[in-house]
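Chemist: One structure coming up, written as structure tokens, with questions to follow.
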Amino acid sequence: MLSFITEKQSCWDRLKAEKRPIFIYGMGDGALKIMSVFEKREIAVSGIFASDDFVRGHSFEGYRVHKLAEVEEAVDDFVVVLAFAAGYQEIVDKIHAIAARHTLYVPDVPVIGQGLFTYEYCVENAEKIQQVYDSLADDYSRKVYANIINFKISGKIEYLSAVTSTKAEIYKKIIRPGLSETYVDLGAYNGDTIKELLEYTYGKYASVYAFEPDRKNFRKLAKFVDGMSHVYAYNAAAWCIDCELPFSSKAGRQSAITAESDNWVQALSVDTILGRKPATLIKMDVEGFEREAIWGAALNIAHYAPKLMIALYHRNEDIFELPLLIKKLNPSYKLYIRHQLYIPAWETNLYATL
């Protein structure tokens with residue numbers, strides 16, 4: 001069991017054993033999460049550096065922020081720990097260039113939830129992980145699944161670069177959208193994924209239902225869909241039932257449901273909105289609450305088997321719990337996993353079709 005998991009030692013254990021200085025590359029929430037783990041595991045930080053554009057003589061968590069060139073000039077051999085997410089080719093190329101000169105790790109810390117994704121964690125959930133692996137529809141999905149898990153344990157970016165697919169490949173080979181889709185977009189942001197779909201359907205569709213809980217994002221979404229026929233936009237979170245939820249509004253895509261907020265947002269289920277109407281394609285990227293969104297669309301998924309695109313990277317357990325839930329609701333689905341350009345393993349998604 002789990003023979004496809006070849007990495008047994010976590011990047012945290014490797015960093016703990018390091019004799020060379022360790023420098024964190026980046027600032028912000030990712031760096032704070034990594035530094036918190038470092039503190040608990042007594043891993044020493046020698047300093048912090050950032051991209052040249054971000055270095056203006058300031059400090060972060062008591063460390064002066066350097067440029068990489070300054071660190072390279074002062075230190076002969078050191079380890080780099082990447083502490084931010086990169087989804088553009090130019091930045092990804094820069095990270096690979098640094099990895100060619102220095103030992104580089106990208107520790108996996110969950111976007112939502114607690115705990116670390118280690119080999120021991122995989123062993124604890126071995127049966128579920130193996131079940132997903134065995135249920136995948138093609139060899140490439142199994143390779144992606146294995147590489148993503150090995151990356152999450154080891155923090156080695158070569159596992160990601162070996163299994164990166166383009167959006168075009170995924171849409172044309174797996175999703176294959178038609179010209180009369182009833183598209184449900186959960187986490188519609190500013191309309192970018194509606195636009196993305198329409199690029200592959202030549203602007204054709206039957207109807208679109210878009211959920212976006214963040215007010216600022218929703219205003220952008222409403223502006224984007226203004227004048228489009230049969231498009232229904234909801235300033236609401238996708239959930240398992242209709243209710244209200246505490247919600248934290250942050251910049252861009254980072255807004256999320258949280259218990260630590262006095263703001264409340266309407267929450268709706270897909271099955272409520274659609275009633276007895278079938279969806280043909282559902283996309284879910286709802287910042288760690290995909291499980292609740294799936295249950296909110298359970299009747300549609302079980303009875304109509306819409307094509308599914310579901311984020312698998314917000315919580316540690318998503319990579320095995322969500323595929324198993326989809327298979328439980330509708331055993332007829334073929335399951336695929338693909339990773340798009342991103343460091344760390346964000347934009348790793350589940351695709352389900354008949």
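Chemist: If you wrap the range 177-311's Cα atoms in a convex hull and average its projection over all directions, what's the area in nm²?
Modeler: Here the figure is 7.4 nm², rounded to one decimal.
Chemist: Output the antiparallel fraction of DSSP beta bridges having both residues in the chain, as a percent to the nearest 5. Present the calculation step by step, with values, prior to reporting the outcome.
Modeler: On the way: 19 of 54 bridges.
Percentage antiparallel, nearest 5: 35.
Chemist: Continuing with this model, one more query. Search the structure for amide H atoms under 5 Å from the amide H of residue 237, placed 1.01 Å from N in the peptide plane, and list their residues when 5 or more places away or on another chain.
Modeler: 266, 267, 268
Chemist: Please work out the Cα convex hull volume for the range 126-239 and give it in Å³ per residue.
Modeler: Convex hull volume per residue, Cα atoms: 146 Å³.
Chemist: Averaging sequence separations of C-alpha pairs under 8 Å and six or more residues apart, then dividing by the length of the chain, give the relative contact order as a whole percent.
Modeler: Working: 654 pairs, mean separation 58.9, N = 354.
Relative contact order here is 17 percent.
Chemist: Step through the table entries 128/156; 156/195; 216/328; 220/307, compare each Cα-Cα distance with 29 Å, and write down the pairs that go over it.
Modeler: Where the Cα-Cα span goes over 29 Å, the pairs concerned are 156/195; 216/328.
Chemist: Whole number please: convex hull volume per residue of the Cα set in the range 1-133, in Å³?
Modeler: Roughly 138 Å³ of hull volume per residue.
Chemist: Using a Cα-Cα cut-off of under 18 Å, which aspartates and glutamates could be cross-linked to residue 223, ignoring same-chain neighbours fewer than 8 residues away?
Modeler: 185, 192, 196, 212, 214
Chemist: Right, something else. Please list 271-283, 218-230 highest first by mean number of surrounding beta-carbon atoms within 10 Å per residue.
Modeler: Per-residue mean Cβ counts within 10 Å order the peptides as 271-283, 218-230.
Chemist: ³J(HN,Hα) across the range 63-70 via Karplus (A = 6.51, B = -1.76, C = 1.60, θ = phi - 60°), whole Hz, x for Gly/Pro?
Modeler: Taking θ as phi minus 60°, the curve returns 9, 5, 8, 9, 8, 4, 4, 5 Hz for the range 63-70.
Chemist: Which ³J(HN,Hα) values in Hz, rounded to whole numbers, follow from the phi angles of the range 119-128 under the Karplus curve 6.51 cos²θ - 1.76 cosθ + 1.60, where θ = phi - 60° and Gly and Pro get x?
Modeler: Once θ is set to phi - 60°, the couplings for the range 119-128 become 4, 4, 5, 5, 4, 4, 10, 4, 4, 5 Hz.
Chemist: Relative to the longest principal axis of the C-alpha atoms of the chain, give the angle of the C-alpha long axis of helix 89-101, reported between 0 and 90° and rounded to the nearest 10°.
Modeler: Taking Cα atoms only, the helix is inclined about 30 degrees.
Chemist: Past the 11 angstrom mark, what percentage of all C-alpha to C-alpha distances in the range 105-145 do you count?
Modeler: Here the tail beyond 11 Å accounts for 71 percent of pairs.
Chemist: Which of 170, 325, 119 sits farthest toward the positive end of the charge dipole of the chain, with +1 on the Cβ of Lys and Arg and -1 on the Cβ of Asp and Glu?
Modeler: Farthest towards the positive end: 170.
Chemist: Return the sequence-ordered ³J(HN,Hα) values of the range 105-118 in whole Hz as given by the Karplus equation 6.51 cos²θ - 1.76 cosθ + 1.60 applied to θ = phi - 60°, using x for Gly and Pro.
Modeler: Once θ is set to phi - 60°, the couplings for the range 105-118 become 10, 10, x, 8, 10, x, 5, 10, x, 10, x, 10, 8, 10 Hz.
Chemist: Follow-up question, since we're still on this one. Amide H of residue 341 versus every other amide H placed in the peptide plane: which residues, excluding those fewer than 5 positions away on the same chain, fall under 5 Å?
Modeler: The answer is 165.
Chemist: Moving to a separate point now. Compute the semi-axes of the equivalent ellipsoid of the chain, taking the square root of 5 times each eigenvalue of the Cα gyration tensor, and list them largest first in whole Å.
Modeler: So the equivalent ellipsoid measures 36, 24, 19 Å along its semi-axes.
Chemist: How much mean residue ellipticity at 222 nm does the chain get from its helices, if each DSSP H run of length 4 or more adds -39500 (n - 2.57) and you divide by all residues, to the nearest 500 deg cm²/dmol?
Modeler: -10500 deg cm²/dmol
Chemist: Same structure, new question: Take the alpha carbon atoms of the range 297-354, find their center, do the same for the range 110-144, and report the distance between the two centers in whole angstrom.
Modeler: 13 Å
Chemist: Mind checking the angle between helix 215-225 and the chain's longest principal axis? C-alpha axes, 0 to 90 degrees, to the nearest 10.
Modeler: Around 50 degrees separate the two axes.
Chemist: Report the antiparallel proportion of the DSSP beta bridges in the range 177-311 as a percent, rounded to a multiple of 5. Before the final figure, lay out the partial values.
Modeler: Details: 6 of 25 bridges.
Beta bridges within the range 177-311, antiparallel portion: roughly 25 percent.
Since every read-out is calculated from the coordinates, none of them should be taken as a lab result. Computed from a predicted structure; not experimentally measured. Ideal geometry is used to build each Cβ from the backbone, glycine not excepted, and the neighbour counts take in all protein chains shown.
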